[in-house]
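J.: Before I ask anything, let me first share the structure, which is written out below as structure tokens.
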Amino acid sequence: MSQLLSRYHDALVLKRPALTLLLVAAVSVLFAWHAPDFRLDASADSLVLENDQALRYYRDVRARYGSDDSLIVTYTPRDDLFSDAVLDDIRALRTSLEKLERVESVVSLLDVPLISSPPVTLTEMSEQIRTLESPETVRALAREEFISSPLYLNLLISPDAGTTALQVNFRRDETYHRLLEQRDRLRAKRFDSRLTEAETGELAAVSRQFDVYSDSLLDQQNEDIATVRAILDGYRDRATLYLGGVPMIVADSIDYIRHDLVTFGVGVVCFLVLILAIAFHKLRWVLLPMLTCMITGLIMIGWLGMVNWPVTVVSSNFISLLLIITLSLTIHLIVRYRELHAERPAAEQHELVRETVNSKVYACFYTALTTIVAFGSLLFSGIRPVIDFGWMMAVGISVAFVLAFTLFPAGLMLLDAGTPSRLRDITGAITRFLARLIRRFSRSVLLVFALIVTLSIVGITMLSVENRFIDYFKEDTEIYQGMELIDRTLGGTTPLDVIIDAPPEHGVAEEEVPGIDGFMDDFMLIPEG
């Protein structure tokens, strides 16, 4: 460390350790105050760039053709799908789901129009829509129509007529869409041209309102999904049911993120405590590094909550990585301090800590800087969650470096030097062993590494990229099992994104089919957005 910086650090940190710790505590409390605002997000906004054209196009299509705010229930009965008992069970399930407050409609094989069971003319269809529940419907013909009609096969029913699907449609939330459209309109204008001061303030206000309302809507959505699952539990003794749909995937993904944060965070903390205890055998070398790590994590969580920066699936493990990187910085200081103490047992604590800091600050600085640069490269990926992850790690490592050279040495200054620890040069023993091994078996070592390189090259040529959405989830999750069932029995298409209003120019125009007035408006098959 340069003499000027060393003098400042010595005067501000090492000679005033209590004041330094008090300032760190005050900063920690400030960020801890915002920690409850820390949130998780799995929405489209957190996964794509702000001006992403694909997302804009998708929202335009959704605004025109209808929302994808629906749940899909796959139903595989123990008995024949078209038996009276099974149809009664589906009818009861549909009725139970329709009673939910936010549910607008439930579409099942009992509700869709049939035109060949027996065949009807277009005039008859315009007068009355025949369904499976109509008295005139012949069930055998209906079965044949369901498994042969391109409208229903692999969408509403599987080819073997063993699985069907129900679509649970939620009411459109006008407040949510109004705030979303208002925010996106201002964002698009900001991207294309410069906003006025009033519009900039309006964008900030609308963005805050949208985030608050989205959080409340997500809580309500989670309650609805829990209620739907409770209803499905009452039918699982007679059929195999899986729940799917965008709202369910979002809710479950957030639960997985929350679980990962807790599991990996606790797991990493326990592992680090164990490693420190085994390596250094002193309570101070466990408490000080872990205190530095925990406050680093707390400050980052509070900062993310303060700036309203949500954590996504991609960045959910940033806390674990940050704890490990912070610990690596403090271990540099611990090892150097122990070496100095062993060399000069009579030295004062201030002298030992000062020389420890001076000798390791550059090494730690370049370690932190190169790591920040590595994560900074993610900023050019063009993928929103990856960019966010890069920023989080860059800021977090900066915080870790500052705390490693303020909190850690200040805390060490309040402790007595004590007796020097007996050093065990484990790494030296390992490197000496490897050196002897290489000197004795140099040719064999070269041959082994040549073989490893050859196998690595062969393995590289066999690499493939897999982008199946369900492979992101474990096989025992409902998302995986439900989508696997859809892929296996319903043709790999989200079932029943059907029977919604659509403008004539995107289907068969009413004028082209005399006598079918209004029918195509009510029953138009729209491909999934």
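The values are calculated or read from the model by the stated rules, or taken from the named source; none is laboratory data. This structure is a prediction, so every number in the text was calculated from the model and none was measured. Cβ placement follows ideal geometry from the backbone for every residue including glycine, while neighbour counts extend to all protein chains displayed. Accessible surface areas use protein heavy atoms only, side chains included; no ligands, DNA or RNA. Shrake-Rupley method; radii C 1.70, N 1.55, O 1.52, S 1.80 Å.
J.: In the stretch 94-114, which residues are open to solvent by less than 50 Å² (accessible area, probe 1.4 Å) and not in a loop (DSSP other than H, G, I, E, B)?
T.: ARG94, SER96, LEU97, VAL103, SER105, VAL106, VAL107
J.: Only one of LEU323, LEU298 is under 21 Å from PHE271 (Cα atoms) and crowded, with 22+ Cβ neighbours inside 10 Å; which?
T.: Result of the check over LEU323, LEU298: LEU323.
J.: OK, next. Working carefully through the options SER117, SER148, SER134, find the one that is more than 20 Å from ASP88 (Cα to Cα) and either open to solvent by less than 60 Å² (accessible area, probe 1.4 Å) or free of Cβ contacts under 8 Å to residues at least 60 places away in the same chain (or both).
T.: SER148
J.: Taking the criterion of being open to solvent by 30 Å² or more (accessible area, probe 1.4 Å), touching a Ser or Thr at 6+ places or on another chain (Cβ under 8 Å) and in contact (Cβ under 8 Å) with a residue 24 or more places away in the chain, would at least one residue in the stretch 170-186 satisfy it? Walk me through it before giving the result.
T.: First, the residues of the stretch 170-186 that are open to solvent by 30 Å² or more (accessible area, probe 1.4 Å): 171-176, 178, 181-182, 184-185.
Remaining after also requiring touching a Ser or Thr at 6+ places or on another chain (Cβ under 8 Å): 172, 176.
Adding the requirement that they be in contact (Cβ under 8 Å) with a residue 24 or more places away in the chain leaves 172, 176.
Checked against the condition, which is being open to solvent by 30 Å² or more (accessible area, probe 1.4 Å), touching a Ser or Thr at 6+ places or on another chain (Cβ under 8 Å) and in contact (Cβ under 8 Å) with a residue 24 or more places away in the chain, the stretch 170-186 yields at least one hit.
J.: Name the one entry in VAL402, VAL373 that is β-branched (Val, Ile, Thr), open to solvent by 80 Å² or more (accessible area, probe 1.4 Å), under 27 Å from ALA18 (Cβ atoms) and part of a helix (DSSP H, G or I).
T.: VAL402
J.: Quick check: anything in the stretch 295-317 of a type outside the set (D, E, K, R), under 25 Å from MET413 (Cβ atoms) and free of Cβ contacts under 8 Å to residues at least 12 places away in the same chain?
T.: For the stretch 295-317, residues of a type outside the set (D, E, K, R), under 25 Å from MET413 (Cβ atoms) and free of Cβ contacts under 8 Å to residues at least 12 places away in the same chain: absent.
J.: If you check every pair at least six apart or on different chains, which have Cβ atoms under 9 Å apart with a residue in the stretch 61-85 that is closer than 15 Å to LEU109 by Cα first and a residue that is charged (D, E, K, R) and at pLDDT below 65 second?
T.: ILE72/ASP497
J.: Among the residues of the stretch 325-343, is there at least one that is of a type in the set (A, V, I, L, M), over 30 Å from ARG102 (Cβ atoms) and not in a helix (DSSP H, G or I)? Working first, answer last.
T.: Within the stretch 325-343, the subset of a type in the set (A, V, I, L, M) is 325, 327, 329, 331, 333-335, 340, 342.
From what's left, over 30 Å from ARG102 (Cβ atoms): 325, 327, 329, 331, 333-335, 340, 342.
Keeping just the survivors that are not in a helix (DSSP H, G or I) gives none.
The answer is no; no qualifying residue exists.
J.: For the stretch 326-354, enumerate the residues that are open to solvent by less than 60 Å² (accessible area, probe 1.4 Å) and either touching a Lys or Arg at 6+ places or on another chain (Cβ under 7 Å) or of a type in the set (Lys, Arg) (or both).
T.: LEU333, ARG336, ARG338
J.: Could we say that VAL357 is assigned to a loop (DSSP other than H, G, I, E, B) and surrounded by 17 or more Cβ atoms within 10 Å (Cβ to Cβ) here?
T.: It is false that VAL357 is assigned to a loop (DSSP other than H, G, I, E, B) and surrounded by 17 or more Cβ atoms within 10 Å (Cβ to Cβ).
J.: Give TYR242, TYR235 a once-over and let me know the one that is of a type outside the set (A, V, I, L, M, F, W, C) and under 22 Å from the mean Cα position of the chain (by Cα).
T.: After applying the criteria, what remains is TYR242.
J.: With ALA226, ALA204, ALA198 as the choices, which residue is under 19 Å from GLU101 (Cα atoms), assigned to a helix (DSSP H, G or I), without any contact (Cβ under 8 Å) to a residue 12 or more places away in the chain and out of contact with any Pro (no Cβ under 6 Å at 6 or more places or on another chain)?
T.: None of the other options fit; the residue is ALA226.
J.: Taking only the stretch 347-382 into account, find how many residues are under 37 Å from the mean Cα position of the chain (by Cα) and in contact (Cβ under 8 Å) with a residue 60 or more places away in the chain.
T.: Of the residues in that region, 3 qualify.
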